[in-house]
Amino acid sequence: MKTTKGQICTLSLSFNNEGPLGTFFRYICDNGTYLARYDDLIDGHDAAIDVSQVDVSMDGIELQDREFVNAIQEGREPNASVDQVLKCYEVLDRLDQQLRA
């Protein structure tokens, strides 16, 4: 993916994880390396990054629940709704069917 300013973004995920679920995500960019572990963000040198001003909470489950409730109250589709990811799951289903054939 390329941003409007020309930066390249790549997300690589593996489902062959040998640790507990949700161990960490590593983001490598022009400004350094960042690791997101559960609700913590650190840089490539294990220095904590203060993200307390980003949202009302740093608890991902709480933020997900808040978004869902807010969407209902505001009469809008929530972020990452089923409708938004359905086409992706349809492609994955077709790939799965092809691999099983």
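Miscellaneous remarks
- Taking the criterion of being small (Gly, Ala, Ser), at pLDDT below 85 and in a loop (DSSP other than H, G, I, E, B), the residues of the stretch 11-45 that qualify are Ser12, Ser14, Gly19, Gly22.
- Taken over the stretch 46-101, residues that are part of a helix (DSSP H, G or I), within 21 Å of Leu35 (Cβ to Cβ) and open to solvent by 100 Å² or more (accessible area, probe 1.4 Å) amount to 2.
The values are calculated or read from the model by the stated rules, or taken from the named source; none is laboratory data. Keep in mind the model is a prediction, meaning the values are calculated, not measured. In this analysis, Cβ positions are derived from the backbone assuming ideal geometry, glycine residues included, and neighbour counts consider all displayed protein chains. Side chains are part of the model used for accessible areas, which takes the heavy atoms of the whole protein and leaves out ligands, DNA and RNA. Shrake-Rupley method; radii C 1.70, N 1.55, O 1.52, S 1.80 Å.
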